[in-house]
Amino acid sequence: MDKGTLMSQEAAEQGGGGSFSSLRAYGRALSQTPRRLARRACAATSPEEEMSRVRARSGASMARALRWPDLVGLGLGGMVGAGVFVTTGRATRLYAGPGVIVSYAIAGLCALLSAFCYTEFAVDMPVAGGAFSYLRVTFGEFAAFLTGANLIMEYVFSNAAVARSFTAYMGTAVGVDSPSKWRIAVPGLPKGFNEVDLVAVGVILLISVCICYSTKESSMVNMVLTAVHVAFILFIIVMGFWRGDVRNLTHPADPAHPGGFFPNGVGGVFSGAAMVYLSYIGYDAVSTMAEEVERPARDIPIGVSGSVVIVTVLYCLMAASMSMLLPYDAVRENQILPGYNLFIYRKIILRIL
């Protein structure tokens, strides 16, 4: 049953008026809620209806100003960030060891397969609805609602985590070991959830203003920041392969610890892959820009899939360089987040000198 038929039936059930037209109409609509909810839960829209509905909610037609380089930059900017700097040390020390290289490859393959799905839908339905619209067409309202809620929660939590890690990194870089010194404690809240990070809030507000100002200008800012990130990762890769020791890939610092490329076996590699998958979150956001892409059939596949492939190669090379610079068992618990990566960077500088 399509959306138009459902809306007609619901209007008839309400006596031709809205649910809030009168107290009696509201009571009648309230009593019909379970039946209407069950009927709409699996009701799917057609692609044409979904496209017209999303475009109507978007308002005026969006300017098709983005091309595949912009999409690749948006994909790289969405993925390359605190994720790889936060998860690499933990996955290496606790799970995969030097096999974290394979963990990144596995996670990248999973992300690429998912990216193919996003690409297929985005080309057929070049609107800003993203995964919510795709699921409403295929599985119905309820699945789309759950997915939309999960996506909002995912981005809220991941943005908060990245912003808070920015405070931790900046504090470590300037010699402030405890980031809590830059946070305001709120009495009465549970411990661990009672600190307001003003630096993180400021970072989120600044980025939000840049994004809301203009899509094209925010894309340019994103590409500049992404270029800085990629240049930094390339620096780590070059120094790791130049100054690193290949023996660190198979020999731990302490002979008592398991050796080999897979010290914790295949299970450790897959556990590491599950952890480092956080580093790939963000490629799905490219599909939501489909309504602003100049040539969706050409640009979206290149933008989504190309960004995942590039990021996977960079992550695998970065994991290899870090593993060669430091044996996996030499990472101490207090260096996992975020000190592990800063320790690696200091080690590179010392080796250069």
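The values are calculated or read from the model by the stated rules, or taken from the named source; none is laboratory data. All of these numbers come straight from a predicted model, not from anything done at the bench. Here the Cβ is made from the backbone with ideal geometry for all residues, glycine too, and neighbour counts use every protein chain on show.
Quick one: which residue in GLY272, GLY282, GLY267 is small (Gly, Ala, Ser) and surrounded by fewer than 17 Cβ atoms within 10 Å (Cβ to Cβ)?
None of the others qualify; the one that does is GLY267.
Somewhere in segment 213-234, is a residue among the acidic types (Asp, Glu) and farther than 30 Å from TYR328 by Cα?
Yes, segment 213-234 contains a residue that is among the acidic types (Asp, Glu) and farther than 30 Å from TYR328 by Cα.
Which number in (1) modelled with pLDDT under 75; (2) of a type in the set (A, V, I, L, M, F, W, C); (3) surrounded by fewer than 16 Cβ atoms within 10 Å (Cβ to Cβ) marks the one condition that VAL313 misses?
Of the numbered conditions (1) modelled with pLDDT under 75; (2) of a type in the set (A, V, I, L, M, F, W, C); (3) surrounded by fewer than 16 Cβ atoms within 10 Å (Cβ to Cβ), the odd one out for VAL313 is (1).
Here is a list: GLY97, GLY108, GLY89. Which entry is closer than 29 Å to PRO263 by Cα and touching a Pro at 6+ places or on another chain (Cβ under 6 Å)?
Of GLY97, GLY108, GLY89, the one residue that is closer than 29 Å to PRO263 by Cα and touching a Pro at 6+ places or on another chain (Cβ under 6 Å) is GLY97.
Does GLY260 meet the test of being modelled with pLDDT of 80 or more and at positive phi?
yes
For segment 286-310, which positions are part of a helix (DSSP H, G or I), surrounded by fewer than 19 Cβ atoms within 10 Å (Cβ to Cβ) and of a type in the set (D, E, K, R)?
If the condition is that a residue be part of a helix (DSSP H, G or I), surrounded by fewer than 19 Cβ atoms within 10 Å (Cβ to Cβ) and of a type in the set (D, E, K, R), then ARG298 is the only one that fits.
Can you tell me which condition ASP299 does not meet? The list is (1) among the charged types (D, E, K, R); (2) at pLDDT below 80; (3) in contact with a Leu (Cβ under 7 Å, 6 or more places away or on another chain), and all the others hold.
Result: ASP299 fails condition (2) only.
Which ranges mark the helices (runs of 4 or more DSSP H) fully within segment 182-285 that have 1 or more residues being closer than 18 Å to LEU317 by Cβ and assigned by TED's automatic domain parsing to the domain that holds VAL331?
Because the criterion is at least 1 residues that are closer than 18 Å to LEU317 by Cβ and assigned by TED's automatic domain parsing to the domain that holds VAL331, the helices (runs of 4 or more DSSP H) in segment 182-285 that meet it are 215-243, 265-276.
In segment 210-257, what residues are in contact (Cβ under 8 Å) with a residue 40 or more places away in the chain and among the acidic types (Asp, Glu)?
ASP245, ASP254
Test GLU195 against the stated conditions and say whether it is of a type in the set (Asp, Glu), more than 30 Å from MET324 (Cβ to Cβ) and exposed (fewer than 14 other Cβ atoms within 10 Å of the Cβ).
Spelling it out, it is not the case that GLU195 is of a type in the set (Asp, Glu), more than 30 Å from MET324 (Cβ to Cβ) and exposed (fewer than 14 other Cβ atoms within 10 Å of the Cβ).
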